[in-house]
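Taking it in order: structure first as structure tokens, then the write-up.
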Amino acid sequence: MPAALITIAEARERILRVADPLGTERVAIDEAHDRVLAADLTAVGNVPPFPCSAMDGYAIVHGHAGRTLTVVGESRAGMPSATALGSGGAIRISTGGAIPAGATAVIPQENVEVRDGTIRTRVAVTAGDHLRGAGEDMRSGETILRAGMTLGAAELGAAVSAGAAELTVYRRPRVQVLCTGDELRAPGEPLGPGEIHNSNAPMLDALTAAEGAIAGAARRLPDDRAATEAGLASALDTADVVIVTGGVSVGPHDHVKPALADLGVEEVFWRVALQPGKPTWFGRRGAVLVFGLPGNPVSAVVTFSLFVRPALAKLQGQTAEHLLEPEAVLGAAVRRNPDREQAVRVRLERREGTLVAMPNGPQGSHIVTSLLGADALAFIPTGEGELEAGAAVALERLPR
Ligand code: AMP
Ligand code: MG
């Protein structure tokens, strides 16, 4: 009597319980895009580091309109003026130029008349006009970025402004995809009787890379016990995460489970109350996580999305909260499954302010085209009859 199926939520909980963040490493800023920061980052100094001009114009002492001031020097961005400023003087200044000693304001160039080395001020100027203070953006020692943030363009810019050249980030998980099946052929290879192309390999490698992990090129394993065991053994020795597709059911040619058992991989769960994706297997050997995903391509993508993706996020120090989407309204009725929650591929459309989840064509687990243009998975709870159009459904964005 096989153990009762566990829910999607239970399966995820068990995965996240054993997936611990990997170690950290220091990387140069130009290699840090999309990595997850592993330590808070503080500003090394003030930003801007010195008081500077917000405009092209003249650094002056503030005062009334109609004054004539002698231009005594220039402060360009990167080249401060050597001369200090007296009350009858002005120093030509560009945006970002350092405010010279003695100046209290900047008058924009469109507010002066220039003649024979002098300027005449057309407007009154108040102390502080068009000045940027030191530290207005960042104060020396202030925490600018927090551990756990994903480093996008803005974070990289802020890190450099804060004085960093390298960042401490979580190590990227190394992932090895293994596709089992005597019937599988490489892309473009002519097909013999009973053969199909291995569509799982490129999908899982692409999805792995999209999660920030390093995918070793997917390998194919024949449906043979010794070869399955040898392939798994070498993957277990080199990867942080092993993903094996197919061969996890109970057919006479499904060698994955016994091979994993012999290799000392401990089962955490097998089989989830999920359609598609019921025969999903998960286990571990030490810190190495092993996912046995169903062979059908749609099942493989759905279970990667639901189970492997949050694990890869956690290994990189993230929570999986960024995967959640707001609820939507189902766009067409879907027949419920009495025993398993369904993850239906949907297109998301906005109709009069409501997010509508439209089932994306036939939902068979072998229908790869149901993934084309699909934005998300909509979850249909177990039950009898149909979940009618208009019912609220939970969503999760599909990775690309
Ligand atoms: P299995 O779980 O090995 O019984 O495979 C279930 C179904 O998925 C079978 O129809 C397989 O031919 C198909 N399948 C298994 N692996 C792949 C793959 N890598 N690419 C495409 N289809 C696959
Ligand atoms: Mg198979």
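The values are calculated or read from the model by the stated rules, or taken from the named source; none is laboratory data. Bear in mind the structure is a predicted one, so any value in this text is a computation, not a measurement. With ideal geometry, Cβ positions are generated from the backbone for all residues, glycine too; neighbour counts draw on all protein chains shown.
Kindly indicate whether residue 115 is without any contact (Cβ under 8 Å) to a residue 60 or more places away in the chain and surrounded by 13 or more Cβ atoms within 10 Å (Cβ to Cβ). Break it down stepwise before answering.
Values: without any contact (Cβ under 8 Å) to a residue 60 or more places away in the chain: yes; surrounded by 13 or more Cβ atoms within 10 Å (Cβ to Cβ): no.
The answer is no for residue 115.
Quick check on this structure: which one of 74, 25, 113 is closer than 30 Å to residue 317 by Cα and in contact with a strand residue (DSSP E or B) (Cβ under 8 Å, 6 or more places away or on another chain)? Quick ask: steps written out before the conclusion?
Working: 74 fails: closer than 30 Å to residue 317 by Cα; 113 fails: closer than 30 Å to residue 317 by Cα.
Testing whether each residue is closer than 30 Å to residue 317 by Cα and in contact with a strand residue (DSSP E or B) (Cβ under 8 Å, 6 or more places away or on another chain) leaves just 25.
The residues of the stretch 271-300 that are within 16 Å of ligand 2 (Cβ to nearest atom) and more than 16 Å from residue 219 (Cβ to Cβ), listed by number, are 276, 277, 278, 279, 280, 281, 294, 296, 297, 298, 299. Condition check: surrounded by fewer than 22 Cβ atoms within 10 Å (Cβ to Cβ), within 24 Å of residue 309 (Cα to Cα) and of a type in the set (A, V, I, L, M, F, W, C). Does residue 226 satisfy that? In short, no.
Which one of these is touching a strand residue (DSSP E or B) at 6+ places or on another chain (Cβ under 6 Å), under 30 Å from residue 23 (Cβ atoms) and modelled with pLDDT of 95 or more: 107, 144?
Of 107, 144, the one residue that is touching a strand residue (DSSP E or B) at 6+ places or on another chain (Cβ under 6 Å), under 30 Å from residue 23 (Cβ atoms) and modelled with pLDDT of 95 or more is 144.
When the stretch 239-259 is filtered for residues that are out of contact with any strand residue (DSSP E or B) (no Cβ under 6 Å at 6 or more places or on another chain) and either over 22 Å from residue 199 (Cα atoms) or surrounded by fewer than 22 Cβ atoms within 10 Å (Cβ to Cβ) (or both), the ones remaining, listed by number, are 249, 250, 251, 252, 253, 254, 257, 258, 259. Of the candidates 274, 293, 330, 260, the single residue that is closer than 21 Å to residue 384 by Cα and within 16 Å of ligand 1 (Cβ to nearest atom) is 274. Under 7 Å between Cβ atoms, which residue pairs at least 6 apart in sequence (or on different chains) link something in the stretch 239-255 that is part of a loop (DSSP other than H, G, I, E, B) with a partner that is among the aromatic types (Phe, Trp, Tyr) and near ligand 1 (Cβ under 10 Å from one of its atoms)? Between residues of the stretch 239-255 that are part of a loop (DSSP other than H, G, I, E, B) and residues that are among the aromatic types (Phe, Trp, Tyr) and near ligand 1 (Cβ under 10 Å from one of its atoms), there is no close pair. Scanning the stretch 146-168 for residues that are buried (at least 17 other Cβ atoms within 10 Å of the Cβ) and charged (D, E, K, R) yields one hit, 155. Of the strands (runs of 3 or more DSSP E) entirely within the stretch 300-400, those holding at least 2 residues that are under 18 Å from the mean Cα position of the chain (by Cα) and either among the basic types (Lys, Arg) or modelled with pLDDT under 95 (or both) occupy 392-397.
Yes/no matrix, rows are residues, columns are (1) under 29 Å from residue 310 (Cβ atoms); (2) of a type outside the set (S, T, N, Q); (3) touching a helix residue (DSSP H, G or I) at 6+ places or on another chain (Cβ under 9 Å):
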{"site": "140", "(1), (2), (3)": "no, no, no"}
{"site": "144", "(1), (2), (3)": "yes, yes, yes"}
{"site": "149", "(1), (2), (3)": "yes, yes, yes"}
{"site": "160", "(1), (2), (3)": "no, yes, yes"}
{"site": "184", "(1), (2), (3)": "yes, yes, yes"}
{"site": "195", "(1), (2), (3)": "no, yes, no"}
{"site": "205", "(1), (2), (3)": "yes, yes, no"}
{"site": "208", "(1), (2), (3)": "yes, no, yes"}
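Taken over the stretch 117-161, residues that are out of contact with any Phe, Trp or Tyr (no Cβ under 8 Å at 6 or more places or on another chain), small (Gly, Ala, Ser) and assigned to a loop (DSSP other than H, G, I, E, B) amount to 11. The residue list 277, 283, 292, 247 contains one member that is touching a Ser or Thr at 6+ places or on another chain (Cβ under 6 Å) and modelled with pLDDT of 95 or more, which is 277. Cβ-Cβ contacts under 7 Å between residues 6 or more apart (or on different chains), taken from a first residue in the stretch 82-107 that is within 17 Å of residue 54 (Cβ to Cβ) to a second residue that is part of a loop (DSSP other than H, G, I, E, B) and of a type in the set (Ser, Thr, Tyr), are listed as 91/81; 91/83; 100/81; 100/83; 105/126.
Residue by residue, here is whether (1) within 16 Å of ligand 2 (Cβ to nearest atom); (2) in contact (Cβ under 8 Å) with a residue 24 or more places away in the chain holds:
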site	(1), (2)
140	no, yes
148	no, yes
154	no, no
177	yes, yes
181	yes, yes
188	no, no
198	yes, no
203	no, yes
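Annotation: residue 279 fulfils all but one of (1) within 16 Å of ligand 1 (Cβ to nearest atom); (2) more than 20 Å from residue 177 (Cβ to Cβ); (3) free of Cβ contacts under 8 Å to residues at least 40 places away in the same chain; the unmet one is (2). For the stretch 188-205: of the residues being farther than 18 Å from residue 235 by Cα and more than 11 Å from ligand 1 (Cβ to nearest atom), which is nearest to the chain's Cα centre (by Cα)? For the stretch 188-205, the residue satisfying everything is 188.
Quick one: count up the residues across the stretch 256-269 that are within 16 Å of ligand 2 (Cβ to nearest atom) and either closer than 20 Å to residue 366 by Cβ or assigned to a strand (DSSP E or B) (or both). Let's see the steps before the verdict.
Within the stretch 256-269, the subset within 16 Å of ligand 2 (Cβ to nearest atom) is 256-260.
Then drop every residue that is not either closer than 20 Å to residue 366 by Cβ or assigned to a strand (DSSP E or B) (or both), which leaves 256.
Number satisfying all stated conditions: 1.
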